[in-house]
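What follows is one structure encoded as structure tokens, with my remarks underneath.
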Amino acid sequence: MSRRKHHKVTTFPQEIVEEVNKRLVEGHTHQEIADWLKQMGHPLGRSSVQRYGKDFMARLERLKMIKEQARAIVHESGDTPGTEMAEAASQMALELIISKLQKARDLDKVDIAAILKAIPRYEQSAVRREALKFQFNKGVEAAVSKIKDALKKELEADQGLMQRIYDLVDKSKEQVFSPT
């Protein structure tokens, strides 16, 4: 069983923790942060700051990596607006499940029940996203049709102008479906 880490820094007031995190990100030394904490009335040794800083920076790097992965998935997916991040998160969650299973040395210790419960949830969210995409596309098509009908009534006298406006509306629709 792994030991859970509890850092004394996390027991300090939130503004102190935030300032410690900020200073870690800015590259202050662990000794500088320990000295600052002492001045603020929260004495803590350099090694304690170092342990906390190591864990904090590792979490920060992991979050940056996840954000970059999500951004890459969104860039490649090209789905309709509003669903990209959910799709990216779902794909990453499934990859994490697969990775966890691959890395497990003893499958008897893996909580198979939890994994089996997660997979249908993943599938349900994918189905819901596809339904949202379908509704979005259907709504865009309906809006385009209504705009064309309204324009047709107004522009029946000038067929050339009406065709140019139709072309503009179609071009706008293409841009909605394939954002750059």
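The values are calculated or read from the model by the stated rules, or taken from the named source; none is laboratory data. Since this is a predicted model, take the numbers as computed values, not measurements. All Cβ positions, even for glycine, are placed from backbone atoms using ideal geometry, and neighbour counts span all protein chains on display.
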Open item on the list: On the basis of being over 19 Å from the mean Cα position of the chain (by Cα), at pLDDT 70 or above, not aliphatic (A, V, I, L, M) and not in a loop (DSSP other than H, G, I, E, B), does Lys38 make the cut?
Closed with: yes
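Any idea which residue in the range 127-180 is surrounded by the most Cβ atoms within 10 Å (Cβ to Cβ), counting only those that are among the basic types (Lys, Arg) and touching a residue at least 12 places away in the same chain (Cβ under 8 Å)? Before you say what the answer is, go through the steps one by one.
Pass one, the range 127-180, residues among the basic types (Lys, Arg): 128-129, 133, 138, 146, 148, 152-153, 164, 171, 173.
So of that shortlist, the ones also touching a residue at least 12 places away in the same chain (Cβ under 8 Å) come out as 129, 133, 148, 173.
Numbers: Arg129: 18, Lys133: 16, Lys148: 15, Lys173: 16.
So, considering only residues that are among the basic types (Lys, Arg) and touching a residue at least 12 places away in the same chain (Cβ under 8 Å), the one surrounded by the most Cβ atoms within 10 Å (Cβ to Cβ) is Arg129.
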TODO: Would you mind finding the one in His6, His42, His30 that is surrounded by 14 or more Cβ atoms within 10 Å (Cβ to Cβ), out of contact with any Lys or Arg (no Cβ under 8 Å at 6 or more places or on another chain) and without any contact (Cβ under 8 Å) to a residue 40 or more places away in the chain?
DONE: His42
